[in-house]
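Just so it is clear, none of the values below were taken in a lab; they were calculated from the coordinates. All values reported here derive from a predicted model rather than from experimental measurement. Positions of Cβ are generated from backbone atoms using ideal geometry, with glycine treated the same way; all protein chains shown enter the neighbour counts.
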């Protein structure tokens, strides 16, 4: 950690600042120290597709580390005042060579991201919006208790983008789930799930 700290550079981004944009060349690993960053794609029509939200301790830019001369495929934007540590390609590659444990953890994280991306693709392609939403809520349940209160980290707009639909549709589906007694919307970001099994078994009419 001391050696990494010696090589890392701290950068500060204001809310709505871009850490990088699609098609920009880069050779930097970004590690979120404080704040929050959204990673998203932008279609030719200008429609956003949210990929993931990064919090303190999360990293991004690993693709460019292993592909010299490569460019970013997505956009990274701070959603609040954010501090990140950046490490250049040469330094990261040296650390990965000298400390295999870091390499294994990096590969594990990338594998989890790939699996998550594949699940998201299948959901958007095959499932109805209500099913996508119930699965999303289930994935955010922290424990195994029947009754849960979920603290959502995304806005309704970001949830809609992540699930491949519109904010209006997401709001309507939340209301439907509430009307059938599966959830209670305590606040826009705090959802009470009465029974997780019932939620997962729910089928859209």
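Key figures for this structure:
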{"quantity": "Pairs of Cα atoms farther than 28 Å apart, the chain, %", "calculated": "36"}
{"quantity": "Cα gyration tensor category, rounded, prolate or oblate, for the range 18-88 with a/c compared to 1.5", "calculated": "oblate"}
{"quantity": "Alpha carbon centroid spacing (whole Å) that separates the range 17-50 from the range 145-179", "calculated": "23"}
{"quantity": "Computed over the chain: relative contact order in percent, which uses C-alpha pairs under 8 Å that are six or more apart", "calculated": "20"}
{"quantity": "Burial ordering of 201, 137, 42, fewest other beta-carbon atoms within 10 Å first", "calculated": "201, 42, 137"}
{"quantity": "Segments 11-24, 48-61 sorted - mean Cβ within 10 Å per residue, highest first", "calculated": "48-61, 11-24"}
{"quantity": "Rounded to whole Å, sorted largest first: equivalent-ellipsoid semi-axes of the range 127-201, Cα gyration tensor", "calculated": "18, 13, 12"}
{"quantity": "Rel. contact order, % - alpha carbon contacts under 8 angstrom, at least six apart, the range 31-101", "calculated": "41"}
{"quantity": "0 to 90° range, to nearest 10: angle between helix 89-98 axis and the chain longest Cα axis", "calculated": "90"}
{"quantity": "The chain - mean residue ellipticity at 222 nm from DSSP helices (-39,500 (n - 2.57) per run, n ≥ 4, rounded to 500)", "calculated": "-12500 deg cm²/dmol"}
{"quantity": "Cβ-based exposure ranking for 4, 159, in which fewest neighbours within 10 Å come first", "calculated": "4, 159"}
{"quantity": "Mean separation of Cα contacts under 8 Å (6+ apart) over length of the range 2-122, as relative contact order %", "calculated": "35"}
{"quantity": "C-alpha long axis of helix 100-126 to longest principal axis of the chain, angle in °", "calculated": "40"}
{"quantity": "Between 0 and 90°, nearest 10: helix 167-179 axis offset from the chain longest Cα axis", "calculated": "50"}
